[in-house]
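Notes follow once the structure below has been shown.
The values are calculated or read from the model by the stated rules, or taken from the named source; none is laboratory data. The shown structure was predicted, so the numbers you read here are calculated from the model rather than taken from an experiment. Every residue, glycine among them, receives a Cβ derived from its backbone with ideal geometry; neighbour counts consider all protein chains shown.
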Amino acid sequence: MALAKVSGTKIRGGVYHLNIAIPPEIRHLHQGRALLTGTLKTADPKVAAKGVTLARAQLIQQVEETARSADVNARLAELPPDQRALYDRAGGLEGLLEAFQRTQKAQAFLAAGDPSTMADTDELPPDPLEGEMAAAEHRAASEVVRLI
């Protein structure tokens, strides 16, 4: 009994094998090969079709990631040398993301400790000058965290 044809496959030895064209822009990720090949280890056409769909989705994802990377590299090339040096010292995109997340957490903690937003208690009212000084210290610390 012959196996049903499945787009993106070849049948060898009663088993489906991938046979999908690799887009030129990502062939460098696949040792320069033009075709994505390999066994799907199945004789079931439905399973083979799912395998082809998954392989094509992975190729599409690689194309999109390569395009994003090229876009980032193009934008980095446009940066003035001083800004590029800052970017590199920050550790690239990963370093900037990590610093941003740390800063967001620090700002959340600072906001929680902002004396001007603290609820009133049954204690004696604080000295207004002390309150102003605490608020000024908080604003200064918040600004430093924001600039990091």
- Every residue from segment 55-112 that is among the polar types (S, T, N, Q) and closer than 30 Å to Val6 by Cβ: Gln58, Gln61, Gln62, Thr66
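Rundown of residues vs (1) at pLDDT below 95; (2) in a helix (DSSP H, G or I); (3) in contact with a strand residue (DSSP E or B) (Cβ under 9 Å, 6 or more places away or on another chain); (4) not basic (Lys, Arg), yes/no style:
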{"position": "Gly51", "(1), (2), (3), (4)": "no, yes, yes, yes"}
{"position": "Arg56", "(1), (2), (3), (4)": "no, yes, yes, no"}
{"position": "Leu76", "(1), (2), (3), (4)": "yes, yes, no, yes"}
{"position": "Asp88", "(1), (2), (3), (4)": "yes, yes, no, yes"}
{"position": "Leu93", "(1), (2), (3), (4)": "yes, yes, no, yes"}
{"position": "Glu98", "(1), (2), (3), (4)": "yes, yes, no, yes"}
{"position": "Arg102", "(1), (2), (3), (4)": "yes, yes, no, no"}
